[in-house]
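Below is one structure, written out as structure tokens; comments come after it.
The values are calculated or read from the model by the stated rules, or taken from the named source; none is laboratory data. Model, not experiment: these values are computed from the prediction. Cβ: placed from backbone, ideal geometry, glycine included. Neighbour counts: every protein chain shown. The accessibility values were calculated without ligands, DNA or RNA, using every heavy atom of the protein model including side chains. Shrake-Rupley method; radii C 1.70, N 1.55, O 1.52, S 1.80 Å.
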Amino acid sequence: MERFLSPFLIGLIFGAGIAVSGMINPAKVLNFFDVAGTWDPSLAFVMGGALLVTFIGYRLVLKRPGPIFGGSFQLPTRKEIDRPLVVGSAIFGIGWGVAGFCPGASIPALGLFQPDAYVFVAAMIAGILIARAIRRSLDARRALQV
Amino acid sequence: MTEFTPLQSFAGGALIGLAAVLLMALHGRIAGLSGILTGILPPAASDWPWRASFLAGAVAAPILLALVWTPDFSSPTPRVWLIPGGLLVGIGIFFGSGCTSGHGVCGNARLSVRSITATLTFMATAGITVYLIRHVFGGF
């Protein structure tokens, strides 16, 4: 239940949200950024709906001692604004502006059986693996210097 | 052109938020797609089953919805450009520790300064990129 069915059903709700919101459609996402052209402000309403529910929901949930299926709430603890955060986010935005897919929209788009989504997701996974290899070699070099 | 859909988009966004709240309430996890996906790539994290199940649910959603409704889909970007686009997204979310769902929804809802910074950054560079492609280089 807590290992497979529950996360599957939550993923189903997430994917339905991406589909219903229109964010599964790269044309709609790219038009949000095209203020000077075929502007479609819908993405702002998606973020509005998602933030409203999450802002209120998290406040109720995080008052509880822990998650219903056990363990503890795993929340990021880092606070510092470092170079990887800013440079990485900048690179992500460039790729998002080129492709019109972000990770959360591209995964449900696989269920539409559109070849474009498969090309994007394959390239994105390659990018994650390349980044992981880069970080590993940077860490190894740093360890040698110390 | 795509049609402006404020109500439908707000409702879809609320579903995304509901998924984020349920994942925290039941499993104690942030609903960040970059993190969830990275954790199933080999060498996979030990907690890969919930991650793989969540992703399977996300893929299954439009398949089940297709029984009653199919969303609009069109990708203006030429297919070959999706390869550099995807590579940049993959590299960027890894070093930036998140994307539109993890930073944009979950992190901003927690008023995390890192997530607010990340969101402003990727929204800005995406906007500049689309402007350059469409209005300076006359591309897609």
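Working ranking of peptides B:70-80, B:23-33 by packing, defined as the average number of other Cβ atoms within 10 Å per residue, highest first, is B:23-33, B:70-80. Take the Cβ-Cβ distance between B:ASP72 and A:ALA126 as r, set R0 to 30 Å, and report the resulting FRET efficiency rounded to the nearest 0.05. Computed FRET efficiency for B:ASP72 and A:ALA126: 0.60. Buried accessible surface for the A/B pair, both sides summed and rounded to the nearest 100, is 9700 Å² with a 1.4 Å probe.
Which of rounded, prolate, oblate describes region A:61-128, given a ≥ b ≥ c as roots of the alpha-carbon gyration tensor eigenvalues and a/c under 1.5 marking rounded, otherwise prolate only if a/b is larger than b/c?
Numbers: a/c = 3.24, a/b = 1.45, b/c = 2.24.
Oblate.
Positive end of the dipole of the protein assembly as shown (Cβ unit charges, origin at the Cα centre): among B:LEU37, B:THR129, A:PHE45, the Cα lying farthest that way belongs to B:LEU37. In chain A, a dipole from Cβ-located charges (positive for Lys and Arg, negative for Asp and Glu) runs towards its positive end, and of A:PHE14, A:LEU75, A:ALA131 it is A:LEU75 whose Cα lies farthest in that direction. Each label point was placed 7 Å from the Cα along the Cα-to-Cβ direction; for A:ILE81 and A:PHE55 their separation is 2.0 nm. Charge dipole of chain A (Cα centre as origin; +1 on each Lys and Arg Cβ, -1 on each Asp and Glu Cβ, all else neutral): 680 debye, rounded to the nearest 20. About the centre of its Cα atoms, region B:6-136 shows a dipole size close to 160 debye [charges on the beta carbon of Lys, Arg (+1) and Asp, Glu (-1) only; nearest 20 debye]. Note: relative contact order over chain B, using C-alpha pairs below 8 Å and six or more positions apart, is 25 percent. Extents of the protein assembly as shown, taken as max minus min of Cα coordinates on every principal axis and listed largest first, are 55, 51, 31 Å.
Once the gyration tensor of the Cα atoms in chain B is diagonalised, the equivalent ellipsoid follows with semi-axes of 26, 21, 18 Å, ordered largest first.
With Kirkwood's inverse mean 1/r over C-alpha pairs for Rh, give me the Rg to Rh ratio of region A:5-145, two decimals please.
Working: Rg = 18.3 Å, Rh = 18.1 Å.
That ratio equals 1.01.
Please report, in whole Å³, the volume per residue of the convex hull around the C-alpha atoms of region B:1-55. Could you put the intermediate results ahead of the total?
Numbers: hull volume 5.2 nm³, N = 55.
Enclosed volume per residue, from the Cα hull, is 94 Å³.
Surface listing: A:PHE14, B:PHE137 arranged by accessible area from highest to lowest gives B:PHE137, A:PHE14, probe 1.4 Å. What separates the Cα centres of region A:43-102 and region B:42-116 is a distance of 12 Å. Using a simple spin-label model with pseudo-atoms 7 Å out from Cα toward Cβ, B:VAL80 and B:PHE140 lie 1.1 nm apart.
Sort A:TYR58, A:TYR118 from largest to smallest accessible area, using a 1.4 Å probe on the heavy atoms of the protein chains. Walk me through the numbers before you get to the answer.
Numbers: A:TYR58 0, A:TYR118 105 Å².
I get A:TYR118, A:TYR58, largest accessible area first.
For the protein assembly as shown, the dipole from Cβ point charges (+1 on Lys and Arg, -1 on Asp and Glu) about the Cα centre works out to 920 debye, to the nearest 20. Per residue, region A:90-131 exposes 24 Å² of accessible surface when a 1.4 Å probe is rolled over the protein heavy atoms with every protein chain present. Helix screen, chain A: DSSP H segments with Cα axial length of 15 Å or more and mean Kyte-Doolittle hydropathy at least 0.5 are A:5-21, A:42-61, A:83-99, A:115-145.
Does anyone have the angle between helix B:48-65 and the longest principal axis of chain B? Alpha-carbon axes, 0 to 90°, nearest 10? Orientation of helix B:48-65: about 60 degrees from the principal axis.
Computed from Cα positions, the angle between helix B:82-95 and the longest principal axis of chain B comes to roughly 50 degrees.
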